[in-house]
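Undergrad: Have a look at the structure that comes next, please.
What follows draws every value from the coordinates through simple rules; no lab data is involved. What you are looking at is a predicted structure, and each value in this text was computed from that prediction instead of being measured. Using ideal geometry, Cβ is built from the backbone for each residue, glycine included, and neighbour counts are taken over all protein chains shown.
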Amino acid sequence: MARKSDFNRRAAEWLSSRNGADAAANAAAFLAIVLYIVGFVTGASPVIWAALALLVYALFRMMSKDVARRSRENAKFLEAMGPFGIWFSDPTAAWREQRSYKHFACPNCKQRIRIPRGKGKIRVTCPRCHQKFEAKS
């Protein structure tokens, strides 16, 4: 039993300095699975190779020790995804909140702001930069 706990400790130490799964890695892995299924059904080997390349990229992101660089890349990915970024970063929270809240980005600092649905046109103040703007909930 001591060998198993030693293995777990060593694995935890090895993984502690890695990037881990982020939104970009999750999106790449999800797209790889979709492409693999499409390639398998259609019999298109280039699609299967593209899926394998995406899977390798996702694993590279997860095992990378350059956490700062991967974090910047992930932030750019989420910014490029716009309102769909929340679905990649935390899909369970996005699913839970989609009927109760709308998400907006502050036009000044791009802070994500959650606004309750069904309140009509309201004036919103950004909690980060205190910029005021109007939004339809």
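Undergrad: Using the Kirkwood formula over every pair of different C-alpha atoms, what hydrodynamic radius in Å results for region 2-83? Could the numbers behind the result be given before it?
TA: On the way: mean 1/r = 0.0698 Å⁻¹.
One over the average 1/r among Cα pairs gives 14.3 Å for region 2-83.
Undergrad: In debye, nearest 20: dipole of region 2-83 around its Cα centre with unit charges on the Cβ of K, R (+) and D, E (-)?
TA: Working: 11 positive and 6 negative charges, 74 e Å.
Dipole of region 2-83, to the nearest 20 debye: 360 debye.
Undergrad: Same structure, new question: Mind giving me the FRET efficiency for Y101 and F60? R0 is 30 Å, r the Cβ-Cβ distance, nearest 0.05 is fine.
TA: Efficiency, rounded to the nearest 0.05: 0.30.
Undergrad: If each of A93 and A44 carries a label point 7 Å out from its Cα toward its Cβ, how far apart are those two points in nm?
TA: 3.6 nm
Undergrad: What is the Cα radius of gyration of region 93-137 over 2.2 N^0.38 Å, N being its residue count?
TA: 1.12
Undergrad: I've got another one for you. Mind giving me the FRET efficiency for R9 and V67? R0 is 30 Å, r the Cβ-Cβ distance, nearest 0.05 is fine.
TA: The computed FRET efficiency comes out at 0.90.
Undergrad: Please compute one quarter of the surface area of the Cα convex hull for the chain and express it in square nanometres.
TA: Over every viewing direction, the Cα hull of the chain projects on average to 12.8 nm².
Undergrad: Given region 26-133, what count of lysine pairs have C-alpha atoms under 29 Å apart, with each pair 8 or more places apart or on different chains?
TA: Total qualifying Lys-Lys pairs in region 26-133 comes to 14.
Undergrad: Evaluate the charge dipole of the chain about its Cα centre and quote only its size in Debye, nearest 20, assuming +1 on the Cβ of each Lys and Arg and -1 on the Cβ of each Asp and Glu.
TA: 680 debye
Undergrad: Something else about it: How high is the FRET efficiency between K136 and A80 when r is their beta carbon distance and R₀ equals 30 Å, given to the nearest 0.05?
TA: Values: r = 24 Å, r/R0 = 0.81.
So the FRET efficiency works out to roughly 0.80.
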